[in-house]
Structures are given as structure tokens and as C-alpha cells.
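Structure first, then comments.
Derivation of every value follows stated rules applied to the coordinates shown; laboratory data play no part. Note that the coordinates shown come from a computational prediction; the quantities given were computed from them, not determined experimentally. For neighbour counting, all protein chains shown are included, and Cβ atoms are generated from backbone atoms with ideal geometry for every residue, glycine included.
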Amino acid sequence: MVKRGAPVAPSRTMRHLSVPRRETQQILQQLKADGDLPEGARVQPDPSDSNRTLIPIKEVSTTKLLSIYPVTEAEPPTSPPKTYHDHLSKFLSENQVDSIDWPSRHEFIGDLILIKLDTDQRVFGEAIGKAMLMQHPRTRAVFEDRGVVGEFRVRDLHLLAVRDGFDSTTRTRVLESGQYLWTDPAKVYYSARLSRERQGTLDCAKKLSETLKRPISVCDPYAGVGPSLAPLVNEPGLLSELFASDLNPQAIDLLRENISTELATIDCADARLLHQRSELNGKFDLLLVNIPHDTLEHLPALMPLLNEGGVVRGWVVVEDENLQVATNTLQEIVGQAVEIEVRRSYSASANLCRFESKLDL
Ligand SMILES: C[S@@+](CC[C@H](N)C(=O)[O-])C[C@H]1O[C@@H](n2cnc3c(N)ncnc32)[C@H](O)[C@@H]1O
């Protein structure tokens, strides 16, 4: 039986002029002006002479430069893939690649990528995952993110692809303000988008400590995995005491891993009941309130945790038309003027706002 050779890919070679390196720019300009440069032309080093470069030239060109410089056949350099999209053809047919609009946005959390897919895109979920792993060498696994679920606002994640030899856990480590934190988007709430707010919390705590001329006590009853607290804990001499809690037991496990200071008490508790504990009531200089959808309902039960002269700093989602009403409600609950500032858009008609108030001494 006669064995046939493997099919050979059609040659992509094209004509190039081999020109002295120092003349490259001038010849390029001349070819461009005369319309002799192919579209997307890219210059490359001449492999046979390090002092020369290869400039591609249109097949139809009859420029007189062809009789001045050596002409050689070479493959044009391939441009590196720019997005995961450039890898899809390794897993899908040309027809499939052309059949839908591909998702263009995704989120990195540690060594994971989370991506939202519509029904058409979900059919190709595995190919999207594999293409993303090819494009992002530091990513371990890719998950479809089907949105936020449950009272703890965790992500509904579905594995699309995992790198060979690695595990497909959703537990991952993120870098925030120079610090590593463990998190798990399928089990606890965490958003890297709020990292600038956390820098502001550090500034607020430092200012309060300077005003009071002593280390301060801080209460974060919606601490999650502790991203607001890590910068405070690392600031020498800033804290006298820290109480951090969350209702989600899985957040507490990660919080204990992330925040390890003898000054910290970490507890799994409903924030609204903390004021019933005498060791917490009226004890804190700074109270963080990060439950933006429920702030107005929860805040009355939290205020007793503050000592006299303490500061409350929190976040609240407010519909555009309700900003004044929300400000008035906050002032009523806090019992004095409250500064409120729109920080970012939350939806077409609502914003995430931050509020801060200093209680009278
Ligand atoms: C918006 S997240 C903030 C988490 C964290 N502070 C951060 O910046 O990543 C709200 C947190 O409140 C927790 N939570 C929800 N209801 C609660 C309650 N009644 N008491 C205490 N924590 C609660 C959730 O589990 C979640 O971790």
C-alpha cells in the first residue's frame, strides 16, 4: 500500500525586498507612497544577514526597487493573538466561530476568570474556557458566572475549563493594596472593584486616630473575607481593638485565615443583634457598614455599637430620585449631619453612595 504524505498547509510566503537596515524607513516610505506595500505589512529581520531587513512587497508591484535590492520569498511574521477570540479556531470550525457574537468582558479574580454567557454563547462554553486559558497563562480555571444568588450574594459559578494538572476549586488568592487575601466567589461576597473605597477607609481611620491622639477600636460587622480590615491591621499603632463578623460562616473561615492579629475578635453573627452584647455596645470609634442594599434598615440596630465621638462610614445603593430622601433618613438615624457622596453607578437608575458622619463628642 502506498502511503501518502501528510497534507501540507498552503504556503503563505510572499515577496520581500532585502534592504540594508539603515535604509529601511526610507524604502518603506517610498513603497507606501507608490502603493506597493501590502495591507498590514510588517518588516522583519533578514535571517541571512543581521544588517538587513525584509520588507514585504505587493505581488503586482513593478517598482524599480526590485532591480536594486535582492528579492526573496519569506513568510510574513504572524501577529500574536490579542484576545481569547484569536484561539477559538483551535477548538471550533470556521462556521461556528462566525455563528455568534462572542462575550467581550470578563473578570479576573486571583487565578480565576469569571465570564457571563448568554444562551448561544453557553453552547460553546468549553471552547471559550479553553481559549481563555491559552490567552491567559496565569489563569488556572475559567467559570461561567450566572449571577449573584442568596442572602450572602455569592456567585453561581459553572466550570468551563481548567488547566491540565490543576484543581478546579473556586478558592483563590487575590492581591489587594499589596496584600494577599484568600477568597472564594462561589462561597463568599468579594468585589475587587471596591478597593479604592478601602483605601479611603484606611485614610478615615488614620485621621480619626490622629484626632483622638490614640489607637482606635474598629467594628466591621459585614466583614466578608476582610478586605477593608487588612490595610488597617497592617498600619502600625492604628488599632487598639478590632471586632469583625459576618453572617456567612464560610466568610468567617476565610476571614480567620486573612486577618491574624491578637487585637482581632472574629465571630459569625447577625450584625443587627451585636448591640445586645454588653462587651460590644458603645465600644467602637469606627463602625463600617457595608451592606449597601439594606443599610437603611440595618443602621438603627448598629448605631448603639458606636461610642461617643465615634465615626460611622458606610455604603448604600440609592435610586437617583431618592438621594435627598436617603440623606434625610441617614441623618435621622445617625442623629446629625451626614456627608453622602456618589461613588459609582450601580444600575441605569441607581448609584452606590458612601456616607460618613462624625458623632459629637
Ligand atoms: C457587600 S458584602 C461586604 C463584604 C466585605 N465588607 C467586602 O467589602 O468585601 C456584605 C456582607 O454582609 C454579609 N451579611 C449579610 N447579611 C448579614 C447580616 N444580617 N449580618 C452580618 N453579615 C451579613 C454577607 O455575607 C457579606 O459578606
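Residues with beta-carbon under 15 Å from that of residue 103, excluding residue 103: net charge, scoring Lys, Arg +1 and Asp, Glu -1?
Local net charge: -3.
State the Cα centre-to-centre distance between region 334-350 and region 53-108 in whole Å.
Between the Cα centre of region 334-350 and that of region 53-108, the gap is 49 Å.
Given H placed on each backbone N at 1.01 Å, which residues far from residue 44 in sequence or on other chains put an amide H within less than 5 Å of it?
Amide H to amide H, under 5 Å and 5 or more residues apart or across chains, residue 44 pairs with 54.
Measure out, as a whole number of angstrom, how far apart the alpha-carbon centroids of region 198-258 and region 117-152 sit.
A separation of 33 Å, based on Cα centres.
May I ask you to evaluate 6.51 cos²θ - 1.76 cosθ + 1.60, the Karplus curve with θ = phi - 60°, for each residue of region 289-305 and list the ³J(HN,Hα) values in order in whole Hz, giving x for glycine and proline?
My calculation for region 289-305 gives 10, 10, 9, x, 7, 10, 3, 5, 6, 7, 4, x, 6, 8, 3, x, 6 Hz in order.
Here is the link list: 32/64; 213/358; 58/82; 90/187; 187/207; 187/283. Which ones come out longer than 23 Å on Cα distance?
Violating the 23 Å Cα-Cα cut-off are 58/82; 90/187; 187/207; 187/283.
For the modelled label position 7 Å from the Cα of residue 177 along Cα-to-Cβ, which residues of region 276-308 have backbone nitrogen atoms closer than 16 Å?
Those under the cut-off are 286-290.
Amide H neighbours of residue 239 under 5 Å, at least 5 residues apart or on other chains, H built in the peptide plane: list them.
Placed amide hydrogens put 216 under 5 Å from residue 239.
Apply the Karplus parameterisation 6.51 cos²θ - 1.76 cosθ + 1.60, with θ equal to phi minus 60°, to every residue of region 70-78 and state each ³J(HN,Hα) to the nearest whole Hz, in sequence, with x for glycine and proline.
x, 10, 9, 8, 8, 7, x, x, 7
Which one of 115, 89, 41 is farthest out on the positive end of the charge dipole of region 1-137, using unit charges on Cβ (Lys, Arg +1; Asp, Glu -1) and the Cα centre as origin?
It is 41.
Please give me the summed charge of the neighbours of residue 154: other residues whose Cβ is under 10 Å from its Cβ, Lys and Arg +1, Asp and Glu -1.
Here the count lands on 0.
How far apart, in nm, are the 7 Å Cα→Cβ label points at residue 75 and residue 94?
Reported label-point gap for residue 75 and residue 94 is 1.9 nm.
If you line up the long axis of helix 125-135 against the longest principal axis of the chain, both from Cα atoms, how many degrees apart are they, to the nearest 10?
80
Report, in degrees rounded to the nearest 10, the 0 to 90 angle that the Cα long axis of helix 24-33 makes with the longest principal axis of the chain.
Value to nearest ten degrees: 80.
Show me 300-311, 96-107, 178-189 ranked by packing, highest mean number of other Cβ atoms within 10 Å first.
178-189, 300-311, 96-107
When we measure straight from the Cα of residue 116, which aspartates and glutamates land under 12 angstrom away, once same-chain ones fewer than 8 places off are left out?
Within reach: 107, 144, 145, 156.
Using the alpha carbons of region 14-74, what is the convex hull volume per residue in cubic angstrom, as a whole number?
Normalising the Cα hull of region 14-74 by residue number yields 74 Å³.
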